[in-house]
Each structure stands twice: as C-alpha cells, then as structure tokens.
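The values are calculated or read from the model by the stated rules, or taken from the named source; none is laboratory data. Computed from a prediction, not measured in an experiment: that's the story for all the values here. For neighbour counting, all protein chains shown are included, and Cβ atoms are generated from backbone atoms with ideal geometry for every residue, glycine included. Note: accessible area is taken over every heavy atom of the protein model, side chains too, but ligands, DNA and RNA are not part of it. Shrake-Rupley method; radii C 1.70, N 1.55, O 1.52, S 1.80 Å.
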Amino acid sequence: MRYSNFFIPTVKNAPNDAEIISHKLMIRAGMIKQSSAGIYSWLPLGLRVLKKIEQIVREEQDKAGANELLMPTIQSADLWIKSGRYNDYGKEMLRITDRGGREMLYGPTNEELVTDIFQSYVKSYKDLPLNLYHIQWKFRDEVRPRFGVMRGREFLMKDNYSFDLNEEEAKKSYNKMFKSYIKTFLRMGLTPISLRAETGPIGGSLSHEFQILAKTGESKLYYDKELENVDPENIDTKELQTYYAAVDDQHDEKKCPIKKENLKISKGIEVGHIFYFGTKYSEKLEAYVQDAKGKNIPVHMGSYGIGISRLVGAVIEAYHDDKGIKWPLSVAPFSLSIINLMPDDHDCDTKSEEYYEFFMNKNIEVILDDRNCSIGKKLSDNDLIGIPFQLIVGKRDLNEGFIEFKNRLNDQNTKIPLDKVKEHLLLELNK
RNA sequence: CGGGGAGUAGCGCAGCCUGGUAGCGCACCUGGUUUGGGACCAGGGGGUCGAAGGUUCGAAUCCUUUCUCCCCGACCA
C-alpha cells in the first residue's frame, strides 16, 4: 500500500468530543469518524485493525471447535416474546416496525435466534456437543454511550453459544472457551485477568468476565500476581479459576484471601464475558434433544462474548504514548512502514521502492510513505498511527551507507548497514 | 434517567456580559523557496453563528422553545 493512495485523514487536534486517550488517538489517527452518539464509521486504517482483531478471535474460536455462522442483525420480535425477554430488555433494545406493521428489533444479542436454529435441526444427543458462533454488529441503545468505540451503541461482537447434554458436559465446553479466551487476548499482546462475575440479565449460574490490563482502564482490579504469568502454551483453566481476582467494589481488604505481597492492583477494561446458564433458554424456546434412552431433555447452554470493536480501543489504551499508538505486531494495520523522507530524490526513491517490493513479496503488510510532505509531518504521522516497524530512508544516512530502523514499541532507533537491512527486518518481523 | 457543560469555516477556539451584520490558529487552494522531527514567504477560497419563534430600526450577542453532542453518576461487550 502506498500512503499517497491510502485514505488516512490524520489530524492534529482531536475534536473536543473525545475524552479518553484511545478515542482521541483513533480520531487523530484517522481510524474512525463519529456518525452519531455511540455510532461510528470505520475508516480504512481503523477497519484494518478491526479485521485483524476479528481474525484472531475467529482463528481461536475455530481452533476451539466452534462453528462460524452468520445471523441477521434485524430480528423478528416473535422469538423474544417467546423467551420472555421482549419486555425484559427494555429501552436498550432498538425496536423497529416493518411496512407490514410487524415488530422487529436490531439484535442486542442472539440467544433466541441461535437456539431457534439449534432446535430446528438438532434432535439427538449424538449431535452434541455443539458450539456455534458469529461475529456480527449488535445494537444496544445505551443510556449513555461513551469512550468512543469502547462503549458504542453499535458494536461488533463475537458471540457464541454452546449446547450440551448435561451440566457436566456444559462445564467442559465452558472451560474450553475460558481457555480459548485467554489465548485470544494473549495473542493480541494483552494481559487478560479473569474474574468470577455476576450473571446479570442473561442469567445463569456460572460466569467469568475477562478484563485486560491498561493504565487508563475503567475498573480497578485486585488480583493474584500469578494471573499475569500465564504460559500461552500451557493454560490450566482450573488453576486460573482458583486465583483471586476482584473488581474494586467486591474487594475487601480484610477478607482478601491472599497474601499482600501476591496481590496486585491495576486498572482493567472488560473485553469478554462468558456464561453458563443451563436450560434457561432451551426450555422456553423448546430446544430439546433425545438422550440415549429416548427421553426428551432440554440442552444445557452457555454463551460467550468478546467485544471486538471495543478491543480496538482497549489495545490502544494498553499500547500508546504521548506521540500516538504503538500497535502490537499481531493487530497492527501494517507491520512495516517504509518512510521515504525525500521523494523525487533518486537514491531515496530507488531504495524505498526496492524495500517496498522486497517486503511485499515476502507477504509482509507494508505501507510506503511516499507522500510529498515535510519530514516532520511524515515522522509524526507514522508515530501517531503506530506501525510497529519503521524504515526511515533519508539522504543523509543513505550517503553514509545506512538506513534507520525504528521499533515503535520501544522507540529504539538503530542505524543498519544497507546490506543488512532486509535480513534484520525479517528477523524482527518473525520474533 | 438525575446532575453539569457545549453548539460560531473541516478541526481547535475568540467574539456574546455592554446588540450595529464575524475573526484567529491549524487544515485546504495557487505560486515560489525549502527538505533528518508536525517548514517558510506571498496570495487565495470557505461560515445565512445548531434549528424555530420572539423583542428591536437592527440579533452570533437579549428572551422562549427545540434538536444535537460531551462530561460526572446509576447500567453494560
């Protein structure tokens, strides 16, 4: 991608609407544009990150044996009336009437629809366990949307639903997802903290929420420091679930079960939530299967959410400095930026193009900053949009046989001899 | 939904108190000079001041209504 051909409307001053850092940076970096309260357009740069995060979630879901499908955003009220939630959901649900006067709604979640799909096709215990997920836009008419995409009214969420024969099996599914969530967030460079949670309006008996650590996070967390040291190759969910973790208002210093030296206090952002709720919906929506004895029994269900659009903001909250965003490589919109400091200079152009071709051919996501603007603007834009690796191609260094390499994550600059550049970059990119 | 704040050029703001027909910085356009950290000089374009109504000879400015957006709280991925 050539920067000159890519739509990244960066701005110096964020609009006054933006309060928190990720919101400001997303606007300044040209990632999103607010359309109305809690509703955003995703501009090309923001969309790339959104898709990166979505893809990591998808891959981990698939690895955990979940099946991707896609359910509609607009749902008929019928199923919701049947489940009893049409009234319960209140004003948060956006209700619409179609031309025939039928009551419709913009889905805030999908238990009803997915259970309906399930019960249409699955009749035997032999088809269990089953886990279905989709990644779809939701709408919840929040009383007060805020913090940019972190709490929009319209948001992209991965939600999945597990179906099992009994509680024991359902808890296996639950733990599978638990593990998958930890892996998912670790892949994004985040530190997930799992907390036992209230089950809330979705109901049920078992629930965990997943927060990620960020200095600017919304909630204050108290947790066992062991939760920070998870080995992604060897995740023991049972062990993880035994560690202490609590949010601010649940934490009581006197009753805290762990030693003070093991207790860590930090701020977090909720990015995922999982529930086991038994047969609550399967009974109402008649999702029964026959067991081995031919008896009809309601399936045991769980539901699992990850706020994908929220994660874009959450990653920024965890990774930024006063100059801008510092994307972890796994979610970065581009891995490498080649900054041609002096377009129209023969040497700068030749070298920039050479690297650009080279890395593109290696399937590296690379953006070539070939814009005809001042050096300061280029460098600060690249810092702002936070591409992890930058190659700064300038006449001064070129004459001395160097290219400057910048690692945005630690802000280290190194001068690399021309004949070592490709090798060095490939090494960094594969770390 | 309770409390608070803000709408003036794409963005950030001044002007409002004390009414006289709109200004600054950035961005944008043209020409030139620059080129290792948000360049410089010169010229230029762009706003019926959120909307409606009222007071007045005259309203961005005063009054009323209304819409939108933001912040704090209660609630959530």
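Descriptive notes on the structure:
- Which listed residue is charged (D, E, K, R) and out of contact with any strand residue (DSSP E or B) (no Cβ under 8 Å at 6 or more places or on another chain), from A:283, A:354, A:317, A:270: A:354
- Checked against the criterion of being within 16 Å of RNA strand B (Cβ to nearest atom), open to solvent by 60 Å² or more (accessible area, probe 1.4 Å) and farther than 30 Å from residue A:40 by Cα, the candidates A:267, A:280 yield just one match: A:280.
- Residue among A:118, A:147 that alone is on the phi > 0 side of the Ramachandran plot and either of a type outside the set (D, E, K, R) or within 16 Å of RNA strand B (Cβ to nearest atom) (or both): A:147
- Condition check for residue A:164: farther than 20 Å from residue A:42 by Cα, touching a helix residue (DSSP H, G or I) at 6+ places or on another chain (Cβ under 9 Å) and assigned by TED's automatic domain parsing to the domain that holds residue A:275: yes
- Residue within the range A:18-29 that is within 9 Å of RNA strand B (Cβ to nearest atom) and open to solvent by 50 Å² or more (accessible area, probe 1.4 Å) present: yes
- Enumeration of residues in the range A:231-256 that are open to solvent by 30 Å² or more (accessible area, probe 1.4 Å) and either hydrophobic (A, V, I, L, M, F, W, C) or in a helix (DSSP H, G or I) (or both): A:238, A:239, A:241, A:242, A:248, A:249, A:250
- The set of residues in the range A:1-17 that are open to solvent by 30 Å² or more (accessible area, probe 1.4 Å), over 25 Å from the mean Cα position of the chain (by Cα) and more than 6 Å from RNA strand B (Cβ to nearest atom) comprises A:2, A:4, A:5.
- Restricting the range A:35-45 to residues that are within 12 Å of RNA strand B (Cβ to nearest atom) and without any contact (Cβ under 8 Å) to a residue 24 or more places away in the chain, the residue that is most open to solvent (accessible area, probe 1.4 Å) is A:35.
- Under the condition of being open to solvent by 60 Å² or more (accessible area, probe 1.4 Å) and of a type in the set (Val, Ile, Thr), the residues counted in the range A:143-176 number 1.
- Selection of the range A:371-398 for residues being over 31 Å from the mean Cα position of the chain (by Cα), surrounded by fewer than 22 Cβ atoms within 10 Å (Cβ to Cβ) and not basic (Lys, Arg) yields A:372, A:373, A:374, A:375, A:376, A:394, A:397, A:398.
- Test: residue in the range A:82-100 that is β-branched (Val, Ile, Thr), at pLDDT 95 or above and either touching a helix residue (DSSP H, G or I) at 6+ places or on another chain (Cβ under 9 Å) or open to solvent by 40 Å² or more (accessible area, probe 1.4 Å) (or both): no
- Residue within the range A:47-58 that is in a helix (DSSP H, G or I), surrounded by 18 or more Cβ atoms within 10 Å (Cβ to Cβ), touching a residue at least 12 places away in the same chain (Cβ under 8 Å) and acidic (Asp, Glu) present: yes
- Of the criteria (1) over 18 Å from the mean Cα position of the chain (by Cα); (2) surrounded by fewer than 21 Cβ atoms within 10 Å (Cβ to Cβ); (3) farther than 24 Å from residue A:384 by Cα, which one residue A:63 fails: (1)
- Checklist (1) touching a residue at least 24 places away in the same chain (Cβ under 8 Å); (2) within 16 Å of RNA strand B (Cβ to nearest atom); (3) open to solvent by 90 Å² or more (accessible area, probe 1.4 Å) applied to residue A:221, failing item: (3)
- Qualifying residue in the range A:324-337 (condition: among the small types (Gly, Ala, Ser), surrounded by 17 or more Cβ atoms within 10 Å (Cβ to Cβ) and within 10 Å of RNA strand B (Cβ to nearest atom)): yes
- Any hit, the range A:220-236, residues being touching a helix residue (DSSP H, G or I) at 6+ places or on another chain (Cβ under 6 Å), over 30 Å from residue A:63 (Cβ atoms) and of a type in the set (D, E, K, R): yes
- Residue match in the range A:370-383 (condition: charged (D, E, K, R) and more than 16 Å from RNA strand B (Cβ to nearest atom)): no
- Unique match (being within 11 Å of RNA strand B (Cβ to nearest atom), of a type outside the set (Lys, Arg) and in contact with a Pro (Cβ under 8 Å, 6 or more places away or on another chain)) among A:212, A:274: A:212
- Test: residue A:245 is assigned by TED's automatic domain parsing to the domain that holds residue A:14 and away from RNA strand B (no atom under 16 Å from the Cβ): no
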